[in-house]
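Working notes, structure below.
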Amino acid sequence: MNTISAIEFSGISKSFAGVPVLRGISFKLGAGRTLGLVGENGAGKSTLMNILGGNLLPDTGGMVLGGTPYTPQDPTDAARAGVAFIHQELNLFANLSIAENLFLAALPRMGSMPWIDRRALHDRTATLLGQVGLAIAPETLVEQLSAGERQLVEIARALALEARLIILDEPTTSLSVRETETLFSLLRRLQARGIALIYISHLLEHVRQLCHDLVVLRDGEVVAQGPIEAYDTPAIISAMVGRSLTRLYPERRGASTTVPLLEVRSLTQLHIVRDISFTVHRGEVLGIFGLMGAGRSELARILFGLDSAQYGEVRMREKVINRREGPRERMERGLAFLTEDRRHEGLCLEASIADNLALVSLREHARTPLRLLDRNTWQQAISTIRAAVRLTAKVSDAQSVQTLSGGNQQKVILGKWLLAKPEVLILDEPTRGVDVGARFELYQLILDLADRGAGVLMISSEIEELTGLCDRILVMSQGEIRGNFPRTEFSRERLLVAALPREAHA
Ligand SMILES: Nc1ncnc2c1ncn2[C@@H]1O[C@H](COP(=O)(O)OP(=O)(O)OP(=O)(O)O)[C@@H](O)[C@H]1O
Ligand SMILES: [Mg+2]
């Protein structure tokens, strides 16, 4: 057995503004092995990987890469040493071609001339795309690619660098089931070539499928490590959260009623949603399951007035919503929408947490005749929400959202909408990137909202989450509703079968 480690961390510590985020991290990863790095939101996973990838310098401690001391000063150093980092939020230039993205640092030249050798660029790119299984022209602009394809391009870039160690920070969060399978078979090929991988994910099944070894971080420390077989899922979860979680879904106290709240009739937008009709009732948590591209997010955007429909009618509390009403009017009717794309639509990254929480509900907190903000009420509301979404005490209200971990950003978005006290809340993949412990709290908030008489429409690609939480599940495929299952009829197989596209359906 090879005794040289792919990477070895010893005593790595890092603080931000005096707050320790990593505290004496030590572990090693054997050559050619795959490590699953897991932990709650804010545990320090991305920070540790930023140190490995040369984006951050540690305060103390050192690293040894393939038997040699390794002190990257910037990402270029890391790349030169054979470390590629595929970030939580992908890092490609959308307006450049695939080829340009792959060889940005080292565009092939015409001999000693300054001109780029387009032919060589094309050929090398084509070879790499072949290796990752992407049949797309090298000149294609990255903005035209799906999330899954971009992920594969990132890996092609790692291969272009001849990386020996590839870090993947939550690579599957925006991938469809099929894209995830493609990614996994590619990662298995990389494993077979002896490339070491560090794989970060909140989906423990994925970690189990892919990884040889496990490291659990909690609050900046390693709290468990060893071969993956040594840990069953409940053991991993309790290491992550520091207590044993007896259940993953909170108990439902209230129940769905038959009072209609949001009624959708024959909603149609050519090629996107076809003749959709359903009703969300008071107190109901209605799930929408479907594969990526089934039309679920498009439906949600139409309901919230971000996109328009050609036909059909939507009623809120028995009143018809005019087709031309935009998000603002619909919010006044009590509708709220948590989008799947937190980076572009959900948050103002430079603004503070408090300001982000305030975005949709300031009006309610400024009821005085002069429309002044009642600071006390407001502060109270923020504290309640912070506690409810379990933002750790480490995080201050004034901190800008871009310094939060990915999962904590998601909690701020949900908090923002909960403060607005909606009548109907539409959630698009609300727990993406959120750890298991915090998921429970988010689920609790969602159920509480329903128990208070609101309606919840929850879009998710995770069947377990929907069956754990919903009163009823609709299945969408190819823009249509293909199934309507009450709780008594929930089954993984049935939902999946209903979600599969029909070949004959042109
Ligand atoms: N530049 C920064 N300034 C201040 N705090 C920061 C900065 N970068 C990270 N942090 C803090 O460090 C902690 C660890 O963050 P990190 O992003 O490493 O968590 P994570 O384990 O990747 O979480 P997630 O699962 O949510 O992605 C968080 O509390 C975060 O707010
Ligand atoms: Mg992270």
Expected single match for within 22 Å of Val223 (Cβ to Cβ), away from ligand 2 (no atom under 16 Å from the Cβ) and among the small types (Gly, Ala, Ser) among Gly30, Gly18, Gly66 is Gly30
All-but-one check, Leu37 against (1) assigned to a helix (DSSP H, G or I); (2) surrounded by 22 or more Cβ atoms within 10 Å (Cβ to Cβ), failing number (1)
From the option list Glu229, Glu251, single residue qualifying as exposed (fewer than 13 other Cβ atoms within 10 Å of the Cβ) and assigned to a helix (DSSP H, G or I) is Glu229
Filtering region 268-284 down to residues that are among the acidic types (Asp, Glu) and not in a strand (DSSP E or B) yields Glu284
Q: Inspect all residues belonging to region 183-204 and state whether any of them is part of a strand (DSSP E or B) and farther than 18 Å from Gly433 by Cβ.
A: yes
Given (1) within 16 Å of ligand 1 (Cβ to nearest atom); (2) over 29 Å from Leu447 (Cβ atoms); (3) in contact with a Pro (Cβ under 9 Å, 6 or more places away or on another chain), Asp169 misses just (3)
Filter region 386-398 for residues that are modelled with pLDDT of 70 or more and more than 21 Å from the chain's Cα centre (by Cα); the one that is nearest to ligand 2 (Cβ to nearest atom) is Ser396
Looking across region 198-217 at residues that are within 14 Å of the chain's Cα centre (by Cα) and within 13 Å of ligand 2 (Cβ to nearest atom), the single one that is modelled with the highest pLDDT is Ile200
Quick count over region 253-301, residues being among the basic types (Lys, Arg), in contact (Cβ under 8 Å) with a residue 40 or more places away in the chain and within 19 Å of Arg315 (Cα to Cα), is 4
Flagged pairs (Cβ under 6 angstrom, 6 or more apart or on separate chains; first in region 468-496, within 18 Å of Arg265 (Cα to Cα); second of a type in the set (Lys, Arg)) are Val475/Arg482; Met476/Arg296; Gly479/Arg274; Glu480/Arg274
Regarding Val285, is this residue of a type outside the set (Gly, Ala, Ser) and within 23 Å of Val434 (Cβ to Cβ)?
yes
- request: Would you confirm whether any residue within region 271-290 is surrounded by fewer than 16 Cβ atoms within 10 Å (Cβ to Cβ) and at positive phi?
  value: yes
Being in the same structural domain as Leu203 (by TED's automatic domain parsing), touching a helix residue (DSSP H, G or I) at 6+ places or on another chain (Cβ under 8 Å) and not aliphatic (A, V, I, L, M) narrows Thr76, Thr68, Thr47 down to just Thr76
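The values are calculated or read from the model by the stated rules, or taken from the named source; none is laboratory data. All of these numbers come straight from a predicted model, not from anything done at the bench. Here Cβ is always computed from backbone atoms with ideal geometry, including for glycine, and neighbour counts include all displayed protein chains.
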